[in-house]
Amino acid sequence: MNAASVFFRVMNAFGKPIIMNVSDRIDEIRVDISRLKSEGKRIGFVPTMGALHSGHLGLIELAKKNSDIVVVSIFVNPEQFGPNEDFDRYPRQLKDDLEKCRSAGVDLVFTPERSEIYDEKKFLKIGIDKLSDHMCGGSRPGFFEGVLLVVNKLFNIVTPDIAVFGQKDIQQFQIISKMVKEFNHPVELIMAPIARANDGLALSSRNAYLSDQERKAAPGLYRCLQYIEKQIQSGVDTPKLLIEHQKGELEAKGFKIDYLNVFDSKTLEPSETLREGNNYILAGAIWLGKTRLIDNILIEF
Ligand code: PAF
């Protein structure tokens, strides 16, 4: 155990100690996990970039229901940020995050430094064919390649039986599902529903960037998605004009549109005509000042 590894010890209702192990080292995490696996424990994994909120706690809850041991990783992955993106200002609050993990009953937290995860020079990359051409991949080149790189590593380190990701990042979920299938990772993926504030805003670590005024306006994206969903459910099968109109409404309220559209849930390509029996993702990304927000609704047509 190195100096950076910490045991968090509290008492449960019966006065028995509950221990949460925190380590920033791959070798330590591996030793812990192989011991737990040899005891027959099923490992549940929730990868995060920290700045934990109730949405993450929902993922942890779901992991707990589907496993014996919950592992959370906290790592702001530099590979998934573009050169002009918010890597430097991304919220980092490890102490608070560890406290939240402890209260949520997490067993193991992996908090690596950059050098523990990445060598100075990398010789290999993961490429994505088509699935990242649209939605967030369309406006954040390299983002999903960076996500796959780190999730691939984390799966190899933690070797989980199940891993939980949120529906808010639906494109991430679909692309990771493909990686799991094509690279034969022996893990079952579970998608957790989007956690929302009372006014409908999807919870996100980036909501912390919003000014009071922007925070008040922010649920407008979800309301707009709900409106489009309602029209589609009542029979609109070519939603292009409807969407263009809604974009105008959002722009009038001060939102800058990154994208707003209906996408095929399998190919993640825009769908101009919706066909009965198909599944779609109605998704949007907008800028409110310097904050980029995303949200989506799943549609069975
Ligand atoms: O969804 C996130 O927080 C990140 O993309 C993930 C999956 C932890 C990879 O860095």
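Annotations for the structure displayed:
- The lysines within cross-link reach of Lys122, meaning a Cα-to-Cα straight distance under 18 Å and a gap of 8 or more places when in the same chain, are Lys153.
- Backbone HN-Hα couplings from phi across the stretch 108-124 [Karplus 6.51/-1.76/1.60, Hz, Gly and Pro as x]: 9, 10, 9, 10, x, 7, 3, 5, 6, 8, 10, 6, 3, 10, 9, 9, 10
- Given +1 at the Cβ of Lys and Arg, -1 at the Cβ of Asp and Glu and no other charges, the dipole of the stretch 142-197 around its Cα centre is 140 debye to the nearest 20.
- When only the Cβ of Lys, Arg, Asp and Glu is charged (+1, +1, -1, -1), the dipole of the stretch 102-168 relative to its Cα centre reaches about 200 debye.
- Residues of the chain were split at every exposed loop site, defined as trypsin sites (Lys or Arg not before Pro) in a DSSP loop with at most 15 other C-beta atoms within 10 angstrom, and the longest piece left, sites excluded, is 131-252.
- Each stretch of four or more DSSP H residues adds -39500 (n - 2.57); spread over every residue of the chain, this sum gives -10500 deg cm²/dmol at 222 nm.
- Leading residue at positive end of dipole, the chain (Cβ point charges), from Ile126, Phe75, Leu94: Leu94
- Just so you know, the Rg over Rh for the stretch 30-165 is 0.97, from Cα atoms, with Rh as the Kirkwood radius.
- Qualifying GluC sites (Glu not before Pro) in the stretch 226-301, DSSP loop, other Cβ atoms within 10 Å at most 13: Glu272, Glu276
- Positive-end residue, the chain charge dipole about Cα centroid, Cβ charges, pick of Asn278, Ile294, His53: His53
- For the chain, relative contact order (Cα pairs under 8 Å, six or more residues apart, normalised by length) works out to 16 percent.
- Between Asp86 and Asp264, the contour length at 0.36 nm per residue exceeds the alpha carbon distance by 61.2 nm.
- Carbon + sulfur, % of accessible area of the chain - ligands and nucleic acids excluded, 1.4 Å: 50
- Reciprocal of mean inverse Cα separation for the stretch 142-192 (Kirkwood radius, Å): 10.9
- The chain: proportion of alpha-carbon pairs further apart than 35 angstrom, %: 22
- Sequence-ordered 3J(HN,Hα) estimates for the stretch 44-52 from the Karplus curve with 6.51, -1.76 and 1.60 and θ = phi - 60° stand at x, 10, 10, x, 9, 10, x, 6, 5 Hz, glycine and proline given as x.
- Distances between placed amide hydrogens fall under 5 Å for Ser271 paired with Val262, Phe263, Asp264, all partners being 5 or more residues away or on another chain.
- Shape class for the stretch 104-178: oblate, because the ratio a/c of the largest to smallest gyration tensor axis (alpha-carbon atoms, square roots of eigenvalues) is 1.5 or more and b/c is at least a/b.
- Chymotrypsin sites (Phe, Trp or Tyr not before Pro) lying in DSSP loop within the stretch 98-187, provided at most 13 other Cβ fall within 10 Å: Phe123, Phe183
- Taken over the C-alpha atoms, the stretch 123-280 has Rg and Dmax values of 17.4, 51 angstrom.
- For the chain, built as a Gaussian network whose Cα springs stay under 10 Å, the top-fluctuating residue of Gly146, Gly137, Gly254: Gly254
- Solvent exposure of the stretch 184-235 amounts to 55 Å² per residue of accessible area, where only protein heavy atoms count and the probe is 1.4 Å.
- Convex hull of Cα atoms in the stretch 196-301, direction-averaged projection (nm²): 6.5
- Additional length obtainable on full extension of the chain from Glu120 to Phe301, 0.36 nm per residue less Cα span: 60.4 nm
The values are calculated or read from the model by the stated rules, or taken from the named source; none is laboratory data. Everything quoted here is computed from the prediction, not taken from an experiment. Glycine gets a Cβ as well: all are built from the backbone with ideal geometry, and neighbour counts include every protein chain shown. Ligands, DNA and RNA are excluded from the accessible area calculation, which covers all protein heavy atoms including side chains. Shrake-Rupley method; radii C 1.70, N 1.55, O 1.52, S 1.80 Å.
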